[in-house]
Amino acid sequence: MTVDYHYYEPATGHQLPHDPFNAIIAPRPIGWISSQDSSGTLNLAPYSFFNAFNYTPPIIGFSSVCDKDSLNNIAETGEFCWNLATTELAAAMNESSASLPADESEFTHANLTARASKKVQVPHVAQCRVVMECRKTQILQLTDAEGSACNTWMVFGEVVAVHIDKQLLQDGIYQTTRARPLLRGGGSGDYFTINDDNKFVMPRPG
């Protein structure tokens, strides 16, 4: 079968109504990150470039495009929490992305409760069904293929504590779809979730 490809080189533009990059690398889990500065000022922000990167020790990370509060807070204190964004918290998650004055809390703006964590000083979102408490391992500024610095930083953290709503466990096994995780799409406001209808099992080759 012959495929008629739309070909483009990012450096010269995609020639489409909307950049397809985010839509192709999708859907993506959301990095809903709580952090605080050394004076205790809280911040909560969603990041669409987020994922897990290592099993032992468990390491997760997110990408901060531009110099943002989350990046500065984590660089300063070395701690953050990842809060699982789920469909019932979609509106609150979206509200937490608003540009607010420095003295206004995203927790208050999105009508969320800050709960004390066990291993880190940073509070997490009490309404979330899964939370991972993290300590910073690395902050890396990205570079392009020529070695020039990008205005983007990768923030990595070791997971030192995990909170899971027991209703998401069945016979001790975490049920991914039961939490109805919110996933980021490619458009300006595109989101997805998953359910058991989307599931199929494919054992690895022996």
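Derivation of every value follows stated rules applied to the coordinates shown; laboratory data play no part. The structure presented is a predicted model; accordingly, all values stated were derived computationally and were not measured. Using ideal geometry, Cβ is built from the backbone for each residue, glycine included, and neighbour counts are taken over all protein chains shown.
Taking residue 68 as the anchor, which lysines have their alpha carbon closer than 20 Å to its alpha carbon, excluding any fewer than eight residues away along the same chain?
Leaving aside lysines fewer than 8 places away in the same chain, those within reach of residue 68 are 136.
Checking the cross-link filter: which aspartates and glutamates have an alpha carbon closer than 19 Å to that of residue 118, excluding same-chain neighbours under 8 positions apart?
Correct list for residue 118: 37, 79, 133, 158, 165.
Could you tell me which of 142, 8, 154 has its Cα farthest along the dipole of the chain towards the positive end, charges placed at Cβ (Lys, Arg +1; Asp, Glu -1), taken about the Cα centre?
Going by the charge dipole, the pick is 154.
Going Cα to Cα from residue 199, which aspartates and glutamates come in below 19 Å? Please leave out same-chain ones fewer than 8 positions away.
By straight Cα distance, residue 199 reaches 171.
Residue 88: net charge of surrounding residues, Cβ under 10 Å, Lys/Arg +1, Asp/Glu -1, itself excluded?
Here the count lands on +2.
From largest to smallest, what semi-axes in whole angstrom does the stretch 29-193 give when each is the square root of 5 times an eigenvalue of its alpha carbon gyration tensor?
They are 23, 19, 18 Å, listed from largest to smallest.
Would you mind getting me the FRET efficiency between residue 103 and residue 2? Use the beta-carbon distance for r and R0 = 41 Å, nearest 0.05.
Using R0 = 41 Å, I get an efficiency of 0.10.
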